[in-house]
1. Is it fair to say Asp159 is closer than 22 Å to Ser119 by Cβ, out of contact with any strand residue (DSSP E or B) (no Cβ under 7 Å at 6 or more places or on another chain) and either of a type in the set (Lys, Arg) or modelled with pLDDT of 95 or more (or both)?
2. Got a sec? Which of Glu95, Glu117 is in contact (Cβ under 8 Å) with a residue 60 or more places away in the chain and exposed (fewer than 14 other Cβ atoms within 10 Å of the Cβ)?
3. Return yes when Asp202 is surrounded by fewer than 13 Cβ atoms within 10 Å (Cβ to Cβ), at pLDDT 95 or above and out of contact with any Gly (no Cβ under 6 Å at 6 or more places or on another chain) and no when it is not.
4. If I ask for residues that are surrounded by 20 or more Cβ atoms within 10 Å (Cβ to Cβ) and without any contact (Cβ under 8 Å) to a residue 60 or more places away in the chain, which ones from the stretch 155-184 would you list?
5. Which one is surrounded by the fewest Cβ atoms within 10 Å (Cβ to Cβ) among residues in the stretch 61-74 that are in contact (Cβ under 8 Å) with a residue 40 or more places away in the chain and in contact with a strand residue (DSSP E or B) (Cβ under 7 Å, 6 or more places away or on another chain)?
6. Return the only residue of Ile73, Ile29, Ile55 being β-branched (Val, Ile, Thr) and in contact with a His (Cβ under 6 Å, 6 or more places away or on another chain).
7. Taking helices (runs of 4 or more DSSP H) that do not extend beyond the stretch 103-209, which have at least 1 residues that are in the same structural domain as Gln23 (by TED's automatic domain parsing) and not hydrophobic (A, V, I, L, M, F, W, C)?
8. Could you grab me the full set of residues in the stretch 190-207 that are farther than 14 Å from Trp150 by Cβ and touching a strand residue (DSSP E or B) at 6+ places or on another chain (Cβ under 9 Å)?
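The values are calculated or read from the model by the stated rules, or taken from the named source; none is laboratory data. Note that the coordinates shown come from a computational prediction; the quantities given were computed from them, not determined experimentally. With ideal geometry, Cβ positions are generated from the backbone for all residues, glycine too; neighbour counts draw on all protein chains shown.
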Amino acid sequence: MLSRLTDDIDRWKQAAAESAAAQVSNGMIVGLGSGSTAAFAVQALGRRIQEGLRITGIPTSERTAAQARALNIPLSTLDEHSQIDVTIDGADEVEAGTLNLIKGHGGALLREKIVAEASERLVIVVDQSKIVDHLGARESVPVEVIPFGWQGAASRLRDLGANPLLRKDAGGEPFKSDGGHYILDCRFGPIASAESLAGELDHVVGVVEHGLFIGLTSEVRVAGAGGVTVLAV
């Protein structure tokens, strides 16, 4: 039963991602998200490039950049293209109604937010399990911190009601983001006001960025047993 559910979720992720990739047109600068669902979108864009689509990709992680190169997707940087037409990315949670997000469980939240901020449109692709009434209902909020003195940042996050855990890699060492930072996974429980919490996190010394994406989403493509539904604010 679990295997069947996993297969269903993978199909839903792929359906959402491919529906977003189908909206990309010639000449666009496209932000390429990170994570399992975004990877399906990158894969779909690679197939479209083989069929003649002409785009330039801006990857949000080294892993996504490697996937895009393998698919012959032309890549550039924000130095070359400061304005992105559309970014397709996944999310760990999507708050129904506001379309605010939790992102960063793949470890790329800093670059993902930089690319999202530079995008005219941010299209999020998810399966239906990612939709929640309140952010934090199921997922922790990733908070990227400077390694120097990270314990102090963790203490201040506790004062805000978090239960911060230092993320570890497969070898048991502190996980390091592409930027060389640590990530504290902060369990808050259901968040009454993500906007207020984001403002508080912004002022914690030692925090580089956090996984609350507020007011950035243009639309969410949600896939489930009934097909793909488009949500917009």
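1. no
2. Every option except Glu117 fails the conditions.
3. yes
4. Within the stretch 155-184, Leu157, Ala162, Pro164, Tyr182, Leu184 meet the criteria.
5. Step by step, filter the stretch 61-74, then rank; the result is Ile73.
6. Ile29 is the lone residue from the list that is β-branched (Val, Ile, Thr) and in contact with a His (Cβ under 6 Å, 6 or more places away or on another chain).
7. Details: elements: 109-117, 150-159, 194-201.
Of the helices (runs of 4 or more DSSP H) lying wholly inside the stretch 103-209, those with at least 1 residues that are in the same structural domain as Gln23 (by TED's automatic domain parsing) and not hydrophobic (A, V, I, L, M, F, W, C) span 109-117.
8. Filtering the stretch 190-207 down to residues farther than 14 Å from Trp150 by Cβ leaves 190-203.
Correct list: Pro190, Ile191, Ala194, Glu195, Leu197, Ala198, Leu201, Asp202.
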